[in-house]
Amino acid sequence: MKKYLWLAVTPDEYELPMVVEDSSYKLAKALGIHQGSIAKAMVKGYSGRNKGRKIVKVEI
């Protein structure tokens with residue numbers, strides 16, 4: 001079974017982690033946004049330029 005980390009990173013060339021969680025639900029809760037916003041950002045591939053954060057899913 002694959003495990004993932006969900007990260008909110010800076011939307012620049014360095015992509016420094018701002019928040020790291022083990023589920024999209026926990027990441028959404030930590031950011032104070034709806035879980036659907038996390039899913040939409042991943043599916044649409046949003047750059048994060050306007051919100052100041054980019055959502056990334058990393059396999060561990």
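Throughout, read-outs are computed from the coordinates displayed, never taken from laboratory work. The shown structure was predicted, so the numbers you read here are calculated from the model rather than taken from an experiment. Don't worry about glycine lacking a Cβ; one is built from the backbone with ideal geometry, like all the others, and counts go over all protein chains shown.
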- Residue count, region 20-47 (criterion: more than 16 Å from residue 60 (Cα to Cα) and outside any loop (DSSP other than H, G, I, E, B)): 17
- Of (1) in contact with a Phe, Trp or Tyr (Cβ under 8 Å, 6 or more places away or on another chain); (2) surrounded by fewer than 13 Cβ atoms within 10 Å (Cβ to Cβ), residue 26 satisfies every one except (2)
- Query: Looking at 24, 47, 37, which is the one that is small (Gly, Ala, Ser) and touching a strand residue (DSSP E or B) at 6+ places or on another chain (Cβ under 6 Å)?
  - Reply: 24
- Task: Kindly provide the set of residues from region 1-13 that are more than 19 Å from residue 59 (Cα to Cα) and exposed (fewer than 14 other Cβ atoms within 10 Å of the Cβ), ordered by number.
- Result: 12, 13
